[in-house]
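Below: one structure, written as structure tokens.
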Amino acid sequence: VFTESKAIAKKNKSNRNARARGSRAEVLLVNQLIEQGYEVRRSHLSAFPDVIAWNERQFLLIEVKARTNNTGLGNALSLFKKSAKLLKVVHNDALLLCYVRFNGNWHVYKWTGSDTIKVIPYSYEERQ
């Protein structure tokens, strides 16, 4: 029983760390998009999408994922695809994107309606 409670505590700590990493990635992306001139809003309570951003030309619905390495990329995209498929209505001009942060860089994927394709980020990388 003692080892089970240690395992649960370790998993809870891991989940907290992952949420904190994700939250930091969201804040970073929001700031980068604001620098680019976008109006930006963050959703809360793990709602999909995490970030909504727009300017005169684009309307972006963004899911943000943070991973410690690229081995978690497949899982991040799988979760994104699952959430994207659940959306009942998306405006024709909206871009549905998944920003995955690992190794200090954004890896951005666009939902095509049936799958994802890698695209160039819509925000600057942070200043070194």
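The values are calculated or read from the model by the stated rules, or taken from the named source; none is laboratory data. This is a predicted model, so every value here is computed, not measured. Every residue, glycine among them, receives a Cβ derived from its backbone with ideal geometry; neighbour counts consider all protein chains shown. For the accessible areas, the whole protein counts, side chains as well, though only heavy atoms, and no ligand, DNA or RNA atoms are used. Shrake-Rupley method; radii C 1.70, N 1.55, O 1.52, S 1.80 Å.
Quick notes
- When Tyr99 is tested against the conditions (1) within 21 Å of Ala18 (Cα to Cα); (2) open to solvent by 70 Å² or more (accessible area, probe 1.4 Å), the lone failure is (2).
- Taking region 54-66 as the range and being touching a residue at least 40 places away in the same chain (Cβ under 8 Å) and under 13 Å from the mean Cα position of the chain (by Cα) as the test, the residues that pass are Leu60, Val64, Lys65, Ala66.
- Qualifying residue in region 8-18 (condition: at pLDDT below 80, open to solvent by 50 Å² or more (accessible area, probe 1.4 Å), over 13 Å from Val100 (Cα atoms) and β-branched (Val, Ile, Thr)): yes
- Residue list for region 106-120, filter: modelled with pLDDT of 90 or more and either under 19 Å from Trp54 (Cβ atoms) or in a strand (DSSP E or B) (or both): Trp106, His107, Val108, Tyr109, Lys110, Trp111, Thr116, Ile117, Lys118, Val119
- Residue in region 53-66 that is at pLDDT below 90 and outside any strand (DSSP E or B) present: no
- Residue in region 33-47 that is at pLDDT 90 or above, within 26 Å of Asp115 (Cα to Cα) and touching a Ser or Thr at 6+ places or on another chain (Cβ under 6 Å) present: yes
- Residue in region 73-96 that is open to solvent by less than 60 Å² (accessible area, probe 1.4 Å), part of a strand (DSSP E or B) and in contact with a helix residue (DSSP H, G or I) (Cβ under 7 Å, 6 or more places away or on another chain) present: yes
- Number of the exception - Arg127 against (1) part of a loop (DSSP other than H, G, I, E, B); (2) open to solvent by 80 Å² or more (accessible area, probe 1.4 Å); (3) modelled with pLDDT of 90 or more: (3)
- All positions within region 23-46 that are of a type outside the set (A, V, I, L, M), out of contact with any helix residue (DSSP H, G or I) (no Cβ under 7 Å at 6 or more places or on another chain) and buried (at least 17 other Cβ atoms within 10 Å of the Cβ): Glu26, Gln32, Tyr38
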